[in-house]
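The values are calculated or read from the model by the stated rules, or taken from the named source; none is laboratory data. Because the structure is a prediction, the values reported are computed rather than measured. Every residue, glycine among them, receives a Cβ derived from its backbone with ideal geometry; neighbour counts consider all protein chains shown. Just so you know, the surface numbers come from the protein's heavy atoms only, side chains and all, with ligands and any DNA or RNA stripped out. Shrake-Rupley method; radii C 1.70, N 1.55, O 1.52, S 1.80 Å.
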Amino acid sequence: MTVTAVAARAAWLTTFRLLQRYHRYEVVNLEPLLRPGAKLLVGYHGRPLAVDLCMLTVTLHDRLGYLPHGIAHGAFDRIPGMRQVADGLGFVTGDGPLLARAVAKGEHVLVQPGGTREGCRDFRHRYRVDWGERLGYLRLAVRHGLPIVPIAGHGMDDAYVGLNDGYAWGKRVGMPGRLPLWLGVGATGLWPLSLPFPVKMTQWVGTPLTTHLAPGFDAEDRDALRTVHREVTGAVQGLLDAARGYQRTR
């Protein structure tokens, strides 16, 4: 591993360990992720940067010895020096040889199908799964034989107060790279210059789903994919609802 990669990993671990303390972070039902074998971790995208999932990667690093492999933008392969950063963080760019090697080693892959569409909404739209017809994660799971583990929780949508639909605004003004144009308020002012509110974040890990791994499942059958997609989104929404309901009773 290069010096750049080592520095990137150290910075990631230090930053999100500090945020774990700031947000009093905890994980409910981590055990399915500690069992042997690679899995596709499919998470709700909290606003605006899925900090909760980043904190989960640190927890898993400390238990499993590696950072789960997030799928990053292809720009990591094109910008000088960024490939080394991606290597340090375990990022892969698309479904290529690096991802195949990670799966062969039994290491988890992490995706957030909602992306900025889900993570950069206004304050009226919180804790609601919004993945549209994004089915690529399912094809990846079928191709590599990965059980899907739904992940969601509570607190992640309360770290900032969203003032607009950043995904829609970004499309409207033609932001490069499909970036959002999002306005959010945190504890010390406007994002991204503000700290998040110091809300407690609790991550809930669901039961692995394997419908898509049944013999004869056709990843080219869009109706079959949609059926599993509804199962996965329903599981993630169920975790969001359960986590919020549990938090209200405490």
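Net charge near Gly170: determine it from the other residues with C-beta under 11 Å of the C-beta of Gly170, scoring Lys and Arg +1 and Asp and Glu -1.
Details: positive: Arg117, Lys171, Arg172, Arg178; negative: Asp165.
Neighbour charge sum, excluding Gly170 itself: +3.
Only four residue types carry charge here, +1 at the Cβ of Lys and Arg and -1 at the Cβ of Asp and Glu. Report the dipole size of the chain about the Cα centre in Debye, rounded to the nearest 20.
Details: 30 positive and 21 negative charges, 89 e Å.
It comes to approximately 420 debye.
Once you charge only the Cβ atoms, +1 for Lys and Arg and -1 for Asp and Glu, what is the size of the charge dipole of region 46-138 about its Cα centre, to the nearest 20 debye? Write down the numbers at each step before the final one.
Details: 12 positive and 10 negative charges, 40 e Å.
Charge dipole of region 46-138: 200 debye, to the nearest 20.
Multiplying the sequence separation of Asp95 and Val185 by 0.36 nm and subtracting their Cα-Cα distance, what value in nm do you get?
Numbers: separation 90, 0.36 × 90 = 32.40 nm, distance 3.55 nm.
Fully extending the segment from Asp95 to Val185 adds 28.8 nm.
Around Arg121, what is the net charge, scoring Lys/Arg as +1 and Asp/Glu as -1 over all other residues with Cβ under 11 Å from its Cβ?
Working: positive: Arg47, Arg117, Arg124, Arg126, Arg128; negative: Glu118, Asp122, Asp130, Asp157, Asp165.
Net charge in that neighbourhood comes out at 0.
Residues in region 110-126, backbone N under 11 Å from the label point at Arg222 (7 Å along the Cα-to-beta-carbon vector): list them, ranges by number please.
Counting only backbone N, you get no residues.
Cα atoms only, region 1-74: Rg and Dmax in Å?
12.8, 35
What is the distance, in nm, between label points placed 7 Å from the Cα along the Cα-to-Cβ direction at Gln237 and at Leu195?
Placing both labels 7 Å beyond Cα along the Cβ direction yields 3.6 nm.
Over the chain, with every protein chain in place, what whole percent of the accessible area is carbon and sulfur at 1.4 Å, could you tell me? If you can, show how the numbers build up before the last one.
Values: 7080 of 11980 Å².
Looking at the chain in its full context, I get 59 percent from C and S.
Mind checking the full-extension length gain between Thr210 and Arg172? Use 0.36 nm per residue of separation minus the Cα-Cα distance, one decimal, nm.
On the way: separation 38, 0.36 × 38 = 13.68 nm, distance 3.83 nm.
Once the chain is fully extended between Thr210 and Arg172, it gains 9.8 nm.
Among 142-152, 38-48, what's the highest-first ranking by average C-beta atoms within 10 angstrom per residue?
Numbers: 142-152: 21.1, 38-48: 25.6.
So the order, starting with the most tightly packed, is 38-48, 142-152.
Please compute the contact order of the chain in relative form: average sequence separation of alpha-carbon pairs under 8 Å and at least six residues apart, divided by the residue count, as a percent.
24 percent
When Lys and Arg each count +1 and Asp and Glu each count -1, what net charge do the other residues less than 12 Å away from Val103, Cβ to Cβ, add up to?
Local charge sum for Val103: +2.
If you count, for each residue, the other Cβ atoms within 10 Å and average over each peptide, how do 214-222, 104-112 line up from highest to lowest?
104-112, 214-222
Determine the shape class of the chain: with a ≥ b ≥ c the square roots of the Cα gyration tensor eigenvalues, call it rounded for a/c under 1.5, and otherwise prolate if a/b is greater than b/c, oblate otherwise. Present the calculation step by step, with values, prior to reporting the outcome.
Working: a/c = 1.27, a/b = 1.14, b/c = 1.12.
Rounded, because the longest to shortest axis ratio a/c is under 1.5.
Tell me, Kirkwood radius of region 108-236 from alpha-carbon pair distances, in Å?
Numbers: mean 1/r = 0.0611 Å⁻¹.
So the Kirkwood estimate lands at 16.4 Å.
Taking Cα pairs under 8 Å and at least six residues apart, what relative contact order does region 1-100 come out at, in percent? Please report the intermediate quantities before stating the final value.
Values: 82 pairs, mean separation 36.0, N = 100.
Here the relative contact order equals 36 percent.
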